[in-house]
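*Asks:* Mind having a look at this structure? Questions to follow.
Since every read-out is calculated from the coordinates, none of them should be taken as a lab result. Here the structure is a predicted model, which means the values were calculated and not measured. Neighbour counts run over all protein chains shown; Cβ positions are idealised from the backbone, glycine included.
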């Protein structure tokens, strides 16, 4: 499905990550990228209410990582519910 190896690596770390790592993570789970002013915005085409935001910095604050991981957990839940129907 997505880049599980990168996802678990980011879940284990206590530091922030690089911008390109979050870009790779989001796109591996099917999110589409849109460039904003100071941020990059990721939207999932099947679930438009799932929106991830990534600042344009080399090193990102840990909050961007935790938000991304929570968003991917929600995506897993939504896809699991869809499979059950």
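*Asks:* Using 13 Å as the cut-off for backbone N distance, which residues of segment 49-81 belong to the label zone defined by a point 7 Å from the Cα of residue 23 along Cα→Cβ?
*Replies:* 54-59
*Asks:* By per-residue mean of other Cβ atoms within 10 Å, what is the highest-first order of 2-11, 30-39?
*Replies:* Output ranking for 2-11, 30-39: 2-11, 30-39.
*Asks:* Between residue 82 and residue 34, what is the spin-label point distance in nm, taking each point 7 Å from the Cα along the Cα→C-beta axis?
*Replies:* Those two pseudo-labels are separated by 1.8 nm.
*Asks:* Using a 10 Å cut-off on Cβ atoms, rank the peptides 76-85, 57-66 from the highest mean neighbour count down.
*Replies:* Highest to lowest by the protection proxy: 57-66, 76-85.
*Asks:* Once you have the Cα-Cα distance between residue 73 and residue 41, take 0.36 nm times their residue separation minus that, and quote the gain in nm to one decimal.
*Replies:* 9.7 nm
*Asks:* Continuing with the same structure: For segment 57-85 and segment 1-48, what is the separation of their Cα centres, given in Å?
*Replies:* 9 Å
*Asks:* If you compute P(r) over Cα pairs in 10 Å bins from 0, in percent for the structure shown, which of [x] 17, 54, 25, 4, 0; [y] 20, 60, 20, 0; [z] 16, 49, 29, 6, 0 do you land on?
*Replies:* Among [x] 17, 54, 25, 4, 0; [y] 20, 60, 20, 0; [z] 16, 49, 29, 6, 0, the one derived from this structure is [x].
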